[in-house]
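This report refers to the structure that appears directly beneath it.
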Amino acid sequence: MEIAFLRSSQPYEINTIRYKLLIGELDVVCCSPETLLTKEGMGLMHTIRRLGTDNLSKPFSLMVIDEAHIVSDWGVTIRPQFMMLSHVIRDLVRINPEIRLLFMSATISRSEEQFIKTHLCPEHQLQVVRKPQIRPDVAFSLILDESDKSPVFYAKQAALWDYRSPFHDIDKAPFLIYTRSPRDAETMRASIDDMGRVMTYTGETSSSSRGNLRRLFTQNRVGGIVGTSAFGMGIDKPDLRCISYIGRPFSVKDLYQAFGRVSRDSIHHWKPRPRETVRRTCGNAIGIIPHMERASPFRPELGPEKMVERLWDLLSNCEILGPGLIG
C-alpha cells in the first residue's frame, strides 16, 4: 500500500503527490484541513476532481476525519478550515456518490455528533457506533482541592509522584504535566526547574521550537514537559507512565484527552498474567482541580472577531429569534 503525507512544512511534495494520484500510484493521502486547503493544497483538490476520468486513477472511496470532536471545538474559533471540509465532502461525493465518510474520536459528545451531521454531511444518514468505556488499564485519581495550596505546590508534587511511580520502566520517560494556560505552564515550570531539564509547550511556543521539543521529549532528553492542550495532537510516546493535570480543565473531555497520552503501549505489553481475570493497571493519571472560587476568570483571548463569530453560531442555530433582535 502506498501512503503519502502532505505536510505544510514540505509544500514541494504537493507536485509528487499530485502526479502519483493521477497515475493511480497512491492508496492513502494523510493531511490536515489547513494543509489540504492552502494555496498549494487547492491544487490538490483540483487534482482530486480529475480522479476517475481516465483508466489510470480512481476516485477516493473513503474520507476519514480523526479527532472529529475538534471540528466543533476549534472549527468556529481558531481553525476555520474545519468548517470548509463540508465543501471538500461535497466535491468528493459528486465525484464518487458511493464514498464513505468516517468520523473518529475517543471523546465526542452528542452535541458534537449533531454538529458534524448538521454542518459537514447534512445530506447523509449518520450511523453512530459508540462504546461508553474508559481505559481499564489506567489508574485515574481526581483531587478536588479545597485548600489554599497553589498550583505550584501541586506541580512539585506531580513531578515527585512521577519520579516515585511504580509504573516506570528502567529507562524512565520524562514527566508530563498539563494545565490550561501558557502563563500557568510557565509559572509551574519555573517552580520545578531543579528537577532536570524542564520545558514548556503551549500555544505560544514558536513553530520552530515545537519539532525540537517533541524530539527531545520522545528521546528522553528532557526531565519533563509542562504543557497545555497544544501538546496533545500527534504525541504518541508509548512508555509515558504518569500524567498530571493541574488546574480547572475547560471540560471533562479536555481532561480525558490529556490523560489519553499515558501508557499507550499497554494493549500490547500488559496482558493479564496466568490466573488473572483483568488486565493490570499500568498508567497513572492524576487530576488536581482547584476550588471554584479560585478557578481562572474568563478572559476574552479569542478577540472581538471570534467572539462575534461565536455569537453568530448561537443565533443561527436558534429556532426562534425574538422580535426585538435585529441581525
- Name the residues in the range 103-117 that are over 16 Å from the mean Cα position of the chain (by Cα) and small (Gly, Ala, Ser), would you? Ser111
- So which residues in the range 48-85 are loosely packed, with under 15 Cβ neighbours inside 10 Å and under 20 Å from Arg130 (Cβ atoms), if there are any at all? Val64, Asp66
- Taking into account only those residues within the range 231-261 that are at pLDDT below 85 and aliphatic (A, V, I, L, M), which is surrounded by the most Cβ atoms within 10 Å (Cβ to Cβ)? Leu240
- Task: Mind checking which strands (runs of 3 or more DSSP E) fall wholly inside the range 185-250 and carry at least 1 residues that are of a type outside the set (Ser, Thr, Tyr) and within 15 Å of the chain's Cα centre (by Cα)?
- Result: 224-227
- Residue among Leu120, Leu126, Leu92 that alone is surrounded by 13 or more Cβ atoms within 10 Å (Cβ to Cβ) and at pLDDT 90 or above: Leu92
- Message: Just to check your reading of the model, which residue among Ile108, Ile99 is surrounded by 15 or more Cβ atoms within 10 Å (Cβ to Cβ) and out of contact with any His (no Cβ under 9 Å at 6 or more places or on another chain)?
- Response: Ile99
- Query: If you go through the range 181-198 one residue at a time, do you hit one that is among the hydroxyl-bearing types (Ser, Thr, Tyr), under 27 Å from Ile70 (Cβ atoms) and touching a residue at least 60 places away in the same chain (Cβ under 8 Å)?
  - Reply: yes
- Starting from the range 161-175, take each residue that is farther than 14 Å from Ser263 by Cβ and open to solvent by 100 Å² or more (accessible area, probe 1.4 Å) and list its partners that are modelled with pLDDT under 70 and not hydrophobic (A, V, I, L, M, F, W, C), counting only C-beta distances under 8 angstrom and pairs at least six apart or across chains. none
- Within the range 22-36, residues of a type outside the set (Gly, Ala, Ser), more than 16 Å from the chain's Cα centre (by Cα) and open to solvent by 30 Å² or more (accessible area, probe 1.4 Å) come out as Leu22, Ile23, Glu25, Asp27, Val28, Val29
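The values are calculated or read from the model by the stated rules, or taken from the named source; none is laboratory data. Being a predicted model, the structure only gives us computed values, none of them experimental. Because the Cβ atoms are built from the backbone with ideal geometry, glycine has one as well, and the counts that use them run over all protein chains shown. These area figures cover heavy atoms from the full protein model, side chains too; ligands, DNA and RNA do not enter into them. Shrake-Rupley method; radii C 1.70, N 1.55, O 1.52, S 1.80 Å.
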